[in-house]
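Please read the structure below before turning to the comments.
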Amino acid sequence: MMDPVLAALTLWCSAFIIEGHLHPTYLILSIIAFSLTYPSNPKIEQSMMESARKLLFSWFILTTILVSLGIVTGYIDDFYSNTIIAWLTITPIVQIIGAILLKAFAPTIVKLQGETKRAVIVGVNTRGIHLAKKLEESQYHLTELMGFFEDRQIDRHSTELNYPILGNFNDLLAYIKENQINVIYLSLPMASQPRIIKLLDELKDTTASIYFVPDIFLTDLIQSKIGEINGMPIVAVRETPFTGINGLIKRITDILLTSIIILLISPLLLIVAVGVKLSSPGPIVFKQRRYGLDGEEILVYKFRSMTTCDNGEHVAQATRNDQRITKFGNFIRKTSLDELPQFVNVLQGRMSIVGPRPHAVSHNEMYRKLITGYMIRHKVKPGITGWAQVNGLRGETETLDKMQARIDYDIEYLRNWSTRLDLYIIFKTVWVVFFKGQKSAY
């Protein structure tokens, strides 16, 4: 984001200082410049000389394109020449200063992003040992390497290992669960394809991020992307779509939309709250334990629609003609009004407007044993509405096939996420709830 933002801001400042105001034509030019420079290349682990050289070369190419188009189309006459000259001259200087400051503050910024992640490497070989050294050397990856897992007897690499061998492949899953491992690096040769597939199947019962070292594609990919650790390439096999700028966009969108929605529906919230209070004895808002991001337990809010508040080891799903549901509760469930308090969960950061619907903890523990890949849906925050729900899979899942179909839609959402898809799901949810009804919601 840094280079595109600085290019736009430098243009605005140049126009305002030289001309005394910001003409709309400069706004259009700043959008064009932003689009052509986004995303900028990462420079944190590059030397300053290399960063400066790349910045100057990129800016020269961009300005050549813009000036040439301006001359050919005649639009260059719409701009004050002194402003354009100042912008073209100052911008690369500002970007180089920005790169220097970013490099200086990068360690602090990285620490603000969260706690140190715990990682293991599967496979003791040249690549795995090299990766371990890279993790040690990098200042910008908050990762604590716990050790290696290997099935073979290791002799030739023993003098190069600075980390313990924690066990064989059969010990991996138990160790991950017991020690809260966040990241798994698979450093196995392609000849080990059967072992890799077996490991991936076993690891579907975790929320740990998994990377291949090097790039091999033997399973369904979720948000696959190529990354690097201090120059060494790695490939994400199963990762959340909300990393980096995508996470920022998702969170800002959630906060803005939720704030507007709560402001608009506040009278409706009051009416529903009164209706719940008058319908039967008990609290207005029901709090239930659910699984959130990375499988962590969260409290989810709903308007109470039943005479009971099940939240223990065994939670029975609502069914058609369920005697626990009050008359008013039946109405708010069918119109999805009972879900409205979850906008507070979104503001708290526990949920998102769009994402896989959260299930009761007891249901999670049951279905994770029955459906392969069930826990993958927890790589993102749960949502008030989701891709499965707008495709007819809302309400009771009385058969395993229905729950499997819901999970398939959730994983498809993770694989294909975009802001456009989120907006489509929100608009389709409104359409389904208010114009088509929710026959499956009990």
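Quick rundown of the values:
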{"read-out": "Virtual spin-label span in nm between residue 47 and residue 2, 7 Å along Cα→Cβ", "value": "1.8 nm"}
{"read-out": "For the range 328-395, size of Cβ-based charge dipole, Lys and Arg +1, Asp and Glu -1, in debye", "value": "180 debye"}
{"read-out": "Where Rh is the Kirkwood radius over Cα pairs, Rg/Rh for the chain", "value": "1.04"}
{"read-out": "Accessible area (Å², 1.4 Å probe, nearest 10) - residue 363", "value": "30 Å²"}
{"read-out": "Calculated FRET efficiency for the pair residue 297/residue 152, C-beta based, R₀ 35 Å, to 0.05", "value": "0.35"}
{"read-out": "12 Å beta-carbon shell around residue 167, net charge (K/R +1, D/E -1)", "value": "-4"}
{"read-out": "Prolate/oblate/rounded label for the range 234-295 (Cα gyration tensor, a/c 1.5)", "value": "oblate"}
{"read-out": "Nonlocal amide H pairs with residue 165, under 5 Å, H built at 1.01 Å", "value": "148"}
{"read-out": "Rounded, prolate or oblate (a/c below 1.5 giving rounded, otherwise prolate when a/b exceeds b/c) for the range 368-434 by Cα gyration tensor", "value": "oblate"}
{"read-out": "Amide proton proximity set for residue 118, modelled H, under 5 Å, gap of 5+", "value": "144, 182, 183"}
{"read-out": "Spin-label pair residue 348/residue 372, simplified geometry with 7 Å Cα→Cβ offset, distance in nm", "value": "3.6 nm"}
{"read-out": "³J(HN,Hα), Karplus 6.51/-1.76/1.60, whole Hz, each residue of the range 330-339, x for Gly, Pro", "value": "4, 5, 6, 6, 5, 9, 6, 5, 5, 7"}
{"read-out": "Environment charge of residue 280, counting only residues whose C-beta is closer than 11 Å and scoring Lys/Arg +1, Asp/Glu -1", "value": "+4"}
{"read-out": "Using θ = phi - 60° and Karplus 6.51 cos²θ - 1.76 cosθ + 1.60, couplings along the range 164-172 (whole Hz; Gly, Pro as x)", "value": "x, 8, 7, x, 9, 4, 5, 8, 4"}
{"read-out": "Sequence of 419, 108 from largest to smallest accessible area, 1.4 Å probe", "value": "108, 419"}
{"read-out": "Antiparallel DSSP beta bridges within the chain, as percent of all bridges there, nearest 5", "value": "45 percent"}
{"read-out": "Extension gain (nm, one decimal) between residue 226 and residue 105, 0.36 nm per residue minus Cα-Cα", "value": "41.0 nm"}
{"read-out": "Shape of the range 15-130, Cα gyration tensor, a/c cut at 1.5", "value": "prolate"}
{"read-out": "For residue 229, distant residues with modelled amide H under 5 Å away", "value": "234"}
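The values are calculated or read from the model by the stated rules, or taken from the named source; none is laboratory data. Not measured: the values here are computed from a predicted model. In this analysis, Cβ positions are derived from the backbone assuming ideal geometry, glycine residues included, and neighbour counts consider all displayed protein chains. SASA here: full protein model, heavy atoms, side chains in, ligands and nucleic acids out. Shrake-Rupley method; radii C 1.70, N 1.55, O 1.52, S 1.80 Å.
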